[in-house]
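Comments concern the structure below.
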Amino acid sequence: GQQVMQIPQYQHVQEGEDFTTYCNSSTTLSNIQWYKQRPGGHPVFLIQLVKSGEVKKQKRLTFQFGEAKKNSSLHITATQTTDVGTYFCAGETAGANSKLTFGKGITLSVRP
Amino acid sequence: NAGVMQNPRHLVRRRGQEARLRCSPMKGHSHVYWYRQLPEEGLKFMVYLQKENIIDESGMPKERFSAEFPKEGPSILRIQQVVRGDSAAYFCASSSLVAYEQYFGPGTRLTVT
């Protein structure tokens, strides 16, 4: 079955540093979505990427979809303590019964 | 516009009892998904439903677990004869269309003693 991988599972950065994480799929995706879950909270939708090579920005967050539509990246510029949480990518394959397959997520901690 | 609602937020059950988790999707959403999350684990897909239909239950254990989304009322995830391994956070999400972003509820934290 389809696998979506996020490695590593944890990352610690100093406040103000940049942070990049990657998401890799075993199959070609029709779209990829990113979610953020704060500690004790629930996942919240951040962005959806659909086109090959697509880049979208949200303030200090930059999301990119790979050319082959099998991987994606999330880059945070100048991290802040409010960026703490777990970031999940979720890939969807085309098909009659497509569903989102979530990666295990990367938990980001930011040292003030 | 109320978001996805789940209740109860916390549920404690003894081994062998039944757990019933409810989810009301966002207004206008007809697609409902249930996920299970263990501590420090990702979200594991369980089941995808549309009104009155189970579309995909490939992630749901064959025994003791069932889900429904009736024409009227919330979606229900039912776990019969709970065991300690069922302790987890159960999230429900809804979307307006199958490929669109999913909106998650606050989750139900199930503890089996």
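The values are calculated or read from the model by the stated rules, or taken from the named source; none is laboratory data. Everything numeric in this text was worked out from a predicted model, so none of it was measured. Cβ coordinates were reconstructed from backbone atoms using ideal geometry, including for glycine residues, and neighbour counts include every protein chain displayed.
Among the residues of the range A:2-12 satisfying the criterion of being out of contact with any Leu (no Cβ under 7 Å at 6 or more places or on another chain) and surrounded by 12 or more Cβ atoms within 10 Å (Cβ to Cβ), which is modelled with the lowest pLDDT? Show your work before the answer.
The initial filter retains those residues of the range A:2-12 that are out of contact with any Leu (no Cβ under 7 Å at 6 or more places or on another chain), namely A:2-10, A:12.
Still in the running and surrounded by 12 or more Cβ atoms within 10 Å (Cβ to Cβ): A:2, A:4-6, A:9.
Details: A:Gln2: 72, A:Val4: 91, A:Met5: 93, A:Gln6: 93, A:Gln9: 89.
Of everything passing the filter in the range A:2-12, A:Gln2 is modelled with the lowest pLDDT.
The set of residues in the range B:43-80 that are out of contact with any helix residue (DSSP H, G or I) (no Cβ under 7 Å at 6 or more places or on another chain), over 16 Å from B:Ser95 (Cα atoms) and assigned to a strand (DSSP E or B) comprises B:Leu43, B:Lys44, B:Phe65, B:Ser66, B:Ala67, B:Glu68, B:Ile76, B:Leu77, B:Arg78.
Take the conditions (1) under 12 Å from the mean Cα position of the chain (by Cα); (2) surrounded by 14 or more Cβ atoms within 10 Å (Cβ to Cβ); A:Thr20 misses just one of them, which is (2). Scoring B:Cys92 on the criteria (1) in a loop (DSSP other than H, G, I, E, B); (2) within 14 Å of another protein chain (Cβ to nearest Cβ) leaves a single failure, condition (1). For the range B:30-42, taking the residues that are at the interface with another protein chain (Cβ under 8 Å from one of its Cβ atoms) and part of a strand (DSSP E or B), the one that is surrounded by the most Cβ atoms within 10 Å (Cβ to Cβ) is identified as B:Tyr33. Pairs meeting the criteria (first residue in the range A:59-84 and more than 24 Å from A:Asn31 (Cβ to Cβ), second residue among the small types (Gly, Ala, Ser) and not in a strand (DSSP E or B), beta carbons under 7 Å, at least 6 apart or on different chains) are A:Ala78/A:Gly16; A:Thr79/A:Gly16. Selection over the range A:30-60 of residues that are more than 11 Å from chain B (Cβ to nearest Cβ) and more than 26 Å from B:Pro39 (Cβ to Cβ) gives a count of 11.
In the range A:15-24 there is no residue matching the filter, namely being at the interface with chain B (Cβ under 9 Å from one of its Cβ atoms) and either under 17 Å from B:Tyr103 (Cα atoms) or in contact with a strand residue (DSSP E or B) (Cβ under 7 Å, 6 or more places away or on another chain) (or both).
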